[in-house]
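What follows is calculated from the coordinates using simple rules that are stated; it is not laboratory data. In this text the structure is predicted, and so the values were computed from the model without any measurement. Methodologically, a virtual Cβ is constructed for each residue, glycine included, from the backbone with ideal geometry; neighbour enumeration extends over all protein chains shown.
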Amino acid sequence: MNFPDKDFIIENIKKKGYFISKGLLSKEEYQIIRKEAINYFHNKQVSKNKFPKALRGGIKAGMEDILGYTSNEKWKILRGCFFNWNRNPNELSEILKISREISSFRNELIGLKSDYGSFIEDSNYIQYSSLSLYPSNGGFLQKHSDGHAKKNKLNLLHFKIELTHKNADYSEGGFYFWDREGNEICISSLINPGDVLFFDGSLNHEIKPIKGEIGRIGLFEIPTYVEEKSRFRNYSDIGEPKNFFEKIKYKVKYNFFLKNK
Ligand SMILES: [Fe+2]
């Protein structure tokens, strides 16, 4: 990978809100991960109706990877979510390796430890990889800006790798971004194979409805927090005898925990 100068990227992010790192991935890297992504969705798509809903929030510590499909007024998408606590699926091994390498670089850009969010941090903060297919029959994500559920000082610098391209793999729609001056930019028209986009997620962005051929496949890492209750358990008293009152107290707590799971 050919990482550009960090100060140069930061300067551009501060000025315009985004930066396209041209040819960050080598041709070989790009070809391998594009193939992985297209094959992955091709193989899974046959059984579309059996998918659970696509994940958007509600992350629980230790949960399984999930591939979900949702079509409603807010988005139409097939999204795979892959967590660091699970072994990477074989068929996406190169994608997830690259995703985490770029995520480390992004962390360094904003002054964090390179592996920040690769584990559950004290604050419950994590980052996980998401691979999305916006299908060719109108896949979209409505205009929004990203924020954390908890207030913190982390800069919301996202990266995004497009693995299919406008005017080649689909003809209409794509990733649109509103820069710091409010100009609407069709980023997908500016991205070539191997480029990596860095952008301030707190600025508005949208996937406009995709039409034609393969659809739009994009990869990025989502910064978020696991739910506090998913970490609930008093492990230190397992196996210790409990009196009647302690047993009831534990059962009530556990039932509450299960109900809110
Ligand atoms: Fe977003």
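So what is the relative contact order of the chain, in percent, for Cα pairs below 8 Å that sit 6 or more residues apart?
On the way: 485 pairs, mean separation 63.9, N = 261.
Averaging sequence separation for qualifying contacts and normalising by length gives 24 percent for the chain.
Dividing the mean sequence gap of close Cα pairs (under 8 Å, 6+ apart) by how many residues the range 86-234 holds gives a relative contact order of 34 percent.
Quick check: from the Cα gyration tensor, does the range 89-150 come out rounded (a/c under 1.5), prolate or oblate?
It is oblate, given that a/c is not under 1.5 and a/b is not larger than b/c.
Once the Cα atoms are used to define both axes, helix 6-16 deviates from the longest principal axis of the chain by about 80 degrees.
Which links in LYS15/LYS143; LYS53/LYS166; LYS15/LYS166; LYS50/LYS113; LYS22/LYS97 stretch past 29 Å when you go from one Cα to the other?
Details: LYS15/LYS143 22 Å; LYS53/LYS166 27 Å; LYS15/LYS166 26 Å; LYS50/LYS113 39 Å; LYS22/LYS97 20 Å.
Long pairs (Cα-Cα over 29 Å): LYS50/LYS113.
For the residues LYS22, LYS208, LYS74, a GNM of the chain with alpha-carbon springs under 10 Å puts the largest fluctuation on LYS74. FRET efficiency for the ASN39 to LYS253 pair, using the beta carbon distance and R₀ = 51 Å, is estimated at 0.65. Can you give the angle from 0 to 90° between the axis of helix 244-259 and the longest principal axis of the chain, with both taken from C-alpha atoms, to the nearest 10? The helix 244-259 is inclined about 20 degrees to the chain. Each peptide in 107-119, 220-232, 240-252 gets a packing score, the mean of other Cβ atoms within 10 Å over its residues, and the list from highest to lowest is 220-232, 107-119, 240-252. Ranked by the mean number of other Cβ atoms within 10 Å per residue, highest first, peptides 196-207, 175-186 order as 196-207, 175-186. Among 24-34, 87-97, the peptide with the highest mean count of other Cβ atoms within 10 Å heads the list, and the full ranking is 24-34, 87-97. Within the listed set ILE191, ILE217, ILE38, the Gaussian network model of the chain (springs between alpha-carbon atoms below 10 Å) gives the highest mean-square fluctuation for ILE38.
For the Cα atoms of the chain, what angle does the longest principal axis make with the long axis of helix 93-109, in degrees from 0 to 90, nearest 10? For 93-109 against the chain, the angle is about 90 degrees. Here's the picture: charge each Lys and Arg Cβ at +1 and each Asp and Glu Cβ at -1 in the chain, and of ILE66, ILE248, ALA37 the one pushed furthest to the positive end of that dipole is ILE248.
Set the Cα radius of gyration of the chain against 2.2 N^0.38 Å, with N its number of residues, and you get 1.11.
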